[in-house]
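Derivation of every value follows stated rules applied to the coordinates shown; laboratory data play no part. Given the structure is predicted, the values throughout are model-derived calculations rather than measurements. Every residue, glycine among them, receives a Cβ derived from its backbone with ideal geometry; neighbour counts consider all protein chains shown.
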Amino acid sequence: MLPTVARVLDLEVMRRGLPQVVAGAAHLERPVRWVHVSELPDVAGVLQGGELVLTTGIALPEDREGLARYVRELDEVGVAGLVIEFGRRYFDSLPRALVHAAEQRGLPLIALRRELRFVAVTEAVHALVVNAQLEQLRTSEAVHQVFNELVVEGAEPAEVVRQVARMAGGPVVLENLAHQVLAHDSAGRPETELLEDWERRSRGVRPAGRTGHDPRSGWLVTTVGARGQDWGRLVLVQDPGPLPEGGTHPHTMLLERGASALALNRLVVRDRESLERQTHRTLLSGILTHALTVSEVALRAQALGVPLEGRRLVGVVLRQRRGPIPAALEAQARLRDFTELAASAVRVCRLSALVGALDDEGVGVLIALGTQQDEHAALDAFAAALRRLTAEAHRDTAPVPAPVVAVGSSVGSVRDARRTLLEATQVADAALHDAPGGRAAAYYRLPDVRLRGLLHLLRDDARLQTYVERELGPLLAYDAEHNAQLVQMLRIYLEQGRNKSAAADAAHLSRPSFYDRLHKVERILGVDLDQVESCLSLHVALLALDAVRR
């Protein structure tokens with residue numbers, strides 16, 4: 001940090017001049033970038049801002065307007081302060097017009113009651129400035145070294161957040177676009193204090209630009225994303241307070257470097273799976289993304305001992321039911337173990353299949369059935385084997401719910417393998433809403449998937465989160481700021497089929513009171529709730545909000 005005017009006045013060399021602040025005392029925290037000695041009345045033309053101007057005042061204007069103009073020009077160019085030495089032009093006091101103009105402009109005006117060697121002041125202040133710049137370079141080098149190592153080592157997001165919190169000395173939170181906490185480090189503070197009512201608090205902090213400081217909350221926020229796709233925010237939580245005048249937050253570079261490391265981590269995730277599982281995953285990914293041609297998939301699968309041609313292919317997606325820890329924070333080891341359990345179930349049932357992780361939460365299985373194999377029997381056996389192996393794996397720990405087994409429609413060619421896998425993925429995400437043990441069937445099929453399931457499938461997509469914010473953001477922000485329940489009123493209205501009387505009864509409000517709330521919703525969102533298309537968009541956004549928050 002550059003020295004401030006107050007820091008300069010506290011230097012031994014300055015104290016010898018018996019400095020007296022005669023105006024602008026509330027602005028002594030302005031940073032001093034340089035010291036400039038000049039007797040010219042039009043010196044502002046050669047300044048760049050941040051200078052502390054030293055003068056004897058011998059050539060300053062005598063008239064009131066000239067003095068006011070002199071102060072105005074210095075303030076407009078952004079000088080840190082003006083120091084006038086007594087003994088040449090002024091002896092006991094400065095002109096009232098000069099003091100008044102400086103006070104009006106908030107420009108620190110200091111009188112030196114004893115003569116000083118200006119060169120000594122210049123040397124001392126410039127030494128502070130250079131030392132500050134060197135310290136900033138050292139800090140920058142240390143930050144870049146730490147985060148370069150984290151990127152090279154493929155550190156998890158939690159480790160990156162922990163390093164940012166350690167170097168900043170304060171709590172740090174990584175959130176997604178829906179203001180949900182993905183990772184955090186409380187820096188020794190109670191976690192409840194940091195995370196309580198987080199979404200409402202975070203929605204109220206909207207600094208301008210990709211990185212910004214909010215003086216009201218004290219938070220420093222930077223956007224996290226890469227390749228033009230933003231997916232979250234990194235937040236340094238600090239106590240409220242303004243920054244030094246004209247300065248930037250001291251941890252801006254640190255937070256931005258941490259955000260870059262998180263973005264790279266998302267692009268290049270280090271896998272810790274076996275070579276066989278990695279190869280299977282690559283093939284499944286190639287099918288889903290069209291990265292591999294049909295012939296390449298068939299050839300590579302054949303080489304792995306999983307012939308796909310001339311077989312009936314069934315896509316299966318497995319999901320672990322969530323425990324108390326959010327899915328975003330689950331360890332990679334848990335997914336790796338789950339994938340191995342699925343592979344073991346395939347071997348137990350003597351099935352031919354590709355088995356690999358599809359994403360951070362689920363496992364994909366592409367089963368290749370022979371002409372003599374019964375599809376339903378094979379799937380029942382696989383689901384039963386997976387449940388048994390899961391129970392055995394957690395025999396010595398707390399019991400876990402049976403995993404979700406979702407199945408797509410069978411297809412007759414490798415070309416259609418993507419369709420059955422995508423269908424199974426959609427079914428799996430919809431099936432997560434079902435209570436464990438609430439079904440007699442061993443696995444789920446397409447009839448379980450409707451609009452809620454589709455939105456749940458897309459819940460981590462930044463585009464869906466952006467859609468929710470665009471449709472409902474102003475209303476969510478209003479509710480958070482005024483502790484209102486307008487989102488709930490809108491939900492009731494739409495769930496009652498836009499029947500205002502029925503909605504008022506469901507909300508336990510009088511009709512005039514409920515109608516007034518609906519009008520307020522219309523004003524905040526700028527929509528007409530009598531238009532079917534507007535209501536449809538808002539209803540989809542509410543369902544998407546539920547999926548994102550779940």
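Details
- Simple spin-label estimate for ASP461 and GLU533 in nanometres, 7 Å along Cα-Cβ: 2.1
- Additional length obtainable on full extension of the chain from GLU481 to ALA377, 0.36 nm per residue less Cα span: 31.8 nm
- Taking the C-alpha atoms only, the angle from helix 486-495 to the longest principal axis of the chain is near 20 degrees.
- Estimated FRET transfer efficiency when R0 is 30 angstrom, pair VAL400-GLU495 (beta carbons, to 0.05): 0.35
- Computed from Cα atoms, the angle from the helix 417-431 axis to the main principal axis of the chain rounds to 70 degrees.
- Amide H within-cut-off set for TYR444, under 5 Å, with H built and near neighbours excluded: VAL405, ALA406, VAL407
- At R0 = 35 Å, FRET efficiency that the Cβ-Cβ distance of ASP505 and GLU193 yields, to 0.05: 0.30
- The mean of 1/r over all pairs of different alpha-carbon atoms in the range 462-549, once inverted, gives a Kirkwood hydrodynamic radius of 13.1 Å.
- Hull-based mean projected area of the chain, where the convex hull spans the alpha carbons, in square nanometres: 35.0
- On full extension, the segment bounded by ARG549 and ARG64 gains 168.2 nm, given 0.36 nm per residue less the C-alpha separation.
- Between the Cα long axis of helix 462-482 and the first principal axis of the chain there is an angle of about 60°, rounded to the nearest 10.
- Were the residues from ARG387 through ALA303 laid out at 0.36 nm apart, the gain over their Cα-Cα distance would be 27.3 nm.
- Peptides ranked, highest mean first, by Cβ atoms within 10 Å: ranges 5-17, 67-79, 476-488: 67-79, 5-17, 476-488
- Using the empirical formula 2.2 N^0.38 Å as the baseline, the Cα radius of gyration of the range 275-449 reaches a ratio of 0.97.
- For the range 154-267: span of alpha carbons on each principal axis (Å, largest first): 37, 32, 26
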